[in-house]
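Comments concern the structure below.
The values are calculated or read from the model by the stated rules, or taken from the named source; none is laboratory data. All values derive from a computational prediction rather than experimental measurement. Virtual Cβ from ideal backbone geometry, glycine too; neighbours counted across all protein chains shown. Side chains are part of the model used for accessible areas, which takes the heavy atoms of the whole protein and leaves out ligands, DNA and RNA. Shrake-Rupley method; radii C 1.70, N 1.55, O 1.52, S 1.80 Å.
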Amino acid sequence: MHIIAVNGSHRKGKNTAALLGVVLEEAAALGATTELLELADYNIKHCLSCNKCLGRPQCNITDDDMAMIGKKLLAADGIVLGSPVYWANVTTLMKNFMDRTRYMHMVKNMLAGKVGGAVTNAGLRNGGQEAALRIMEFFLAAQGLHVVDSRNQDGPIMTVGVAGSLQADIKDGKVVWRKGALEDEAAVLAARHLGKNMVQLIQQLK
Ligand SMILES: Cc1cc2nc3c(=O)[nH]c(=O)nc-3n(C[C@H](O)[C@H](O)[C@H](O)COP(=O)(O)O)c2cc1C
């Protein structure tokens, strides 16, 4: 069982990567092999809307890294997307990645039957996390993946989405910032549940 995480943060190894790391750590503890793919590492040109992918399951742009990334997606049993919130949305890198996977969707859903999940984090409390999560989950569902959330299957429901925040609270009239998303206990717990839920569903589907 292989699970790939795709990080759309424009900053490698920061908060979004950390939350994806927790999902992968949990999945690995349950037997999965894992990989973190940082979109910032790759050359991914933007979709030209040439519509060639309407007639064949292949992108017309071939002189960048997208074909290699597509192969990695196809080889995985599970795909977890991560994006920080940028303007209550996903990042440019994540959206660009989504656009360029259109060839995997238009003729047939090449990723159908895999298991998907998503994580996000933002600077502010209520900073658009739900919107960004829904955008990634909609994408995964449209691509034919079985989308799981981070609901705890074996205990009380804590949260149903991995959504971190750096603004911890207001104390004595002042905003208190976390040092990083990993200090958001609820987000870390949710990320663990997401990893577990992904592994369990992949096992059930096999
Ligand atoms: C262009 C831009 C737009 C942002 N928009 C929002 C926003 O709408 N709401 C919010 O709470 N934080 C927003 N942020 C803050 C990021 O979501 C936050 O810093 C996040 O932790 C970055 O993740 P990273 O550490 O993986 O890069 C924005 C940051 C940038 C650079």
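Quick one: how many Å² of residue 86 are accessible to a 1.4 Å probe, rounded to 10?
80 Å²
Distance cut-off 31 Å, Cα to Cα: go down the list 12/206; 14/114; 114/179 and report the pairs above it.
From the list (12/206; 14/114; 114/179), the Cα-Cα distance tops 31 Å for 12/206; 114/179.
Let me make sure I get this right: for region 1-88, a, b and c are the square roots of the gyration tensor eigenvalues over alpha carbons, sorted descending. Under 1.5 in a/c it's rounded, otherwise prolate if a/b > b/c, else oblate. Which is it?
oblate
With a 1.4 Å probe and all protein chains left in place, how much of the accessible area of the chain comes from carbon and sulfur atoms, in whole percent?
The computed percentage sits at 53.
Return one quarter of the surface area of the convex hull spanned by the alpha-carbon atoms of the chain, equal to its mean projected area, in nm².
Result: 11.5 nm².
Can you give me the relative contact order of region 2-205 as a percent, contacts being Cα pairs under 8 Å and 6 or more apart?
In percent, rounded to a whole number, it is 24.
Considering the dipole of region 2-205 built from charges on the beta carbon (Lys and Arg +1, Asp and Glu -1) around the Cα centre, which of 140, 24, 116 is farthest to its positive end?
The residue sitting most towards the positive pole is 140.
Points 7 angstrom from Cα along the Cβ direction at residue 35 and residue 134: gap in nanometres?
3.3 nm
Mind giving me the nanometre distance, one decimal, between the label points for residue 177 and residue 72, set 7 Å out from Cα along Cα→Cβ?
Label-label distance for residue 177 and residue 72, simple model: 3.0 nm.
With n ≥ 4 as the cut-off for DSSP H runs, can you work out [θ] at 222 nm for the chain, using -39500 (n - 2.57) per run divided by the number of residues, rounded to the nearest 500?
-11000 deg cm²/dmol
Setting aside same-chain residues fewer than 8 positions from residue 45, which lysines have a Cα under 16 Å from its Cα?
In chain and number order, the partners are 95.
Would you mind working out the magnitude of the charge dipole of region 83-164 relative to its Cα centre, with +1 at each Lys and Arg C-beta and -1 at each Asp and Glu C-beta, to the nearest 20 Debye?
With only Lys, Arg, Asp and Glu charged at Cβ, the dipole is about 260 debye.
Dipole magnitude of region 2-205 about its Cα centre, charges +1 at Lys/Arg Cβ and -1 at Asp/Glu Cβ only, in debye to the nearest 20?
480 debye
Cross-link candidates for residue 108: which aspartates and glutamates have Cα within less than 20 Å, leaving aside residues fewer than 8 places away along the same chain?
Those aspartates and glutamates meeting the cut-off are 77, 99, 137.
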